[in-house]
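Taken together, the values in this text are just the output of simple stated rules run on the coordinates, not laboratory data. Owing to the predicted nature of the structure, the values given are computational and were not obtained by experimental measurement. Quick reminder, even Gly has a Cβ in these numbers, built from the backbone with ideal geometry, and neighbours come from all protein chains shown.
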Amino acid sequence: MERFYIVANRAKDINHFESNRIKEYLEEHGKSCVLGPSIPVLSFEHQQEQQKEYRYTDAAQIPKGTQCILVIGGDGTLIQAARDLVELEIPLVGVNFGTLGYLTEVERENLYPSLDKLMRDDYQIEERMMLEGTVMREKKEIATMVALNDVVFSRSGALRVIDFKIYLNGEFLNFYSADGIIISTPTGSTGYNMSAGGPIVSPDAKLMVMTPICAHTLNNRSIVLSGNDQVTLEFCQDRSGCCKERLISFDGDNAVCAAVGDTVEIRRSKRFTRIVRLNKISFLEVLRDKMGGGK
């Protein structure tokens with residue numbers, strides 16, 4: 001690789017200290033590198049006010065011919081960059097300045113050896129599936145967004161359970177009364193889905209996982225679906241007649257407020273995220289390491 005671009009989380013890389021060091025190192029080795037603006041921190045309230053997808057990184061700023069995007073931060077920063085830049089289909093490398101780092105390939109202690117591997121083309125590229133969600137109100141589309149990790153349906157405001165129906169490929173599947181439900185990609189299976197008791201899935205699989213959140217029913221199992229399935233969720237009025245707003249979040253960042261009667265259609269996106277792999281470490285090894293399973 002010859003041409004790089006850096007996306008940095010301003011909360012993790014203060015004053016672009018590490019990003020500038022990376023840029024200098026690459027340029028010392030005859031490569032080109034552009035340092036983009038820091039990814040800002042956006043308040044949850046501001047996301048709700050906008051009622052549309054907020055982009056942390058502007059794809060128009062990425063120079064033509066860029067071969068690799070270095071993302072400085074944690075898993076959340078990489079997920080944001082993947083969603084914002086999905087149309088470019090440029091490979092991403094995550095540099096972990098966060099905590100767990102399931103997605104980020106490079107740790108601080110092996111940063112510069114990893115840059116050396118990139119420069120001599122010693123890497124592989126994985127294509128990760130994404131989800132696309134369309135929110136419909138009175139048969140009109142009000143929002144369409146993509147997600148690398150998951151789409152989560154939850155309550156907004158008062159601590160009430162929400163009632164909703166799930167349809168699979170147009171056929172009624174089940175009625176849920178729960179705190180919400182998670183539709184996850186294989187990549188997102190180690191995130192909120194895992195915390196809610198859902199299964200862990202190999203990241204190269206092409207499927208979806210549907211996991212209820214604290215369902216008020218005996219039937220609270222996760223369901224594994226084909227990557228070709230379409231899930232439709234319909235928000236219902238709850239038993240008390242309450243019509244409080246519901247919340248639909250894409251990768252935990254972009255949120256859309258929904259009302260009773262709104263539907264959301266979730267399907268596999270035609271887009272995908274390209275993740276650079278530099279280490280020959282299996283998915284199981286990563287799990288053991290991150291979960292502290294020992295040797």
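Laid out as a table, the results:
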| read-out | value |
| --- | --- |
| Low-density loop cleavage sites - trypsin sites (Lys or Arg not before Pro) in segment 162-264, where at most 10 other Cβ are within 10 Å (DSSP) | R239 |
| Loop-exposed GluC sites (Glu not before Pro) per DSSP, neighbour cap 13 Cβ within 10 angstrom, longest uninterrupted part of the chain | 139-295 |
| Centre separation in Å (Cα based) which lies between segment 1-37 and segment 187-224 | 36 Å |
| Cα long-axis angle, helix 75-84 against the chain (0 to 90 degrees, to the nearest 10) | 80 degrees |
| Lys/Arg +1, Asp/Glu -1 at C-beta; the chain dipole; positive extreme among Q80, G36, S114 | Q80 |
